[in-house]
């Protein structure tokens, strides 16, 4: 189950961040370090922690498939910090500054063209679009070139049906002064039309994890993770409606 695979990886990362190298200990479902990190980082505007869902178009993706996709992107030097740091990037505790969007855009477009006919091309498009927004300085650049590039990747998200009220909120906030108001409203309407579907999927997945939450620490963390994801998606959806 792809969604579970992605969230397991995300949750494992959150556990590492929240525990500062110590072994994770779940004290209660209410006081979850994973949940706290997700909540706090979104409040700080950390784009990398904004929840998102790939539209799988009915295709199944197991753990091995997912690892191969990520490996393929890594081998292409996509979003690899050591490959290309923006001159103004700063190394901070727990991470680095954003990558240069111009150079990552060149890599990304070449990559997407190469894998345009790949069985998982739809996944690559969504993953690349998400990372162009969250891992580069694209949103921070007000230039015409940056706006045009942002529009390209937002269109990829829309065309593929990727679901992320948070990422759409941040990107449409930037684009709303460059797009006709009707286009912004139509995009918001399309995104929000999927809210109930993904909320239902999240609840169903959380229910499956809840069956093992009493004996498995990661399952317990996943339950509260999904609760926080749903809360954040609802919050971002409300913000989207006000654009």
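With respect to (1) buried (at least 16 other Cβ atoms within 10 Å of the Cβ); (2) part of a loop (DSSP other than H, G, I, E, B); (3) modelled with pLDDT under 95, the lone exception for residue 215 is condition (1).
Considering each residue of region 222-239 in turn, none proves to be surrounded by 15 or more Cβ atoms within 10 Å (Cβ to Cβ), more than 20 Å from residue 41 (Cα to Cα), modelled with pLDDT under 95 and touching a helix residue (DSSP H, G or I) at 6+ places or on another chain (Cβ under 6 Å). Here residue 240 clears all of (1) closer than 24 Å to residue 122 by Cα; (2) in contact (Cβ under 8 Å) with a residue 24 or more places away in the chain except the condition numbered (1).
The residue of region 186-206 that is surrounded by the fewest Cβ atoms within 10 Å (Cβ to Cβ), among those that are in contact (Cβ under 8 Å) with a residue 24 or more places away in the chain and closer than 15 Å to residue 238 by Cα, is 190.
The values are calculated or read from the model by the stated rules, or taken from the named source; none is laboratory data. What you see is a predicted model; the values in this text were computed from it and never measured. Neighbour counts are summed over all protein chains in view; Cβ atoms, including those assigned to glycine, are modelled from backbone coordinates with ideal geometry.
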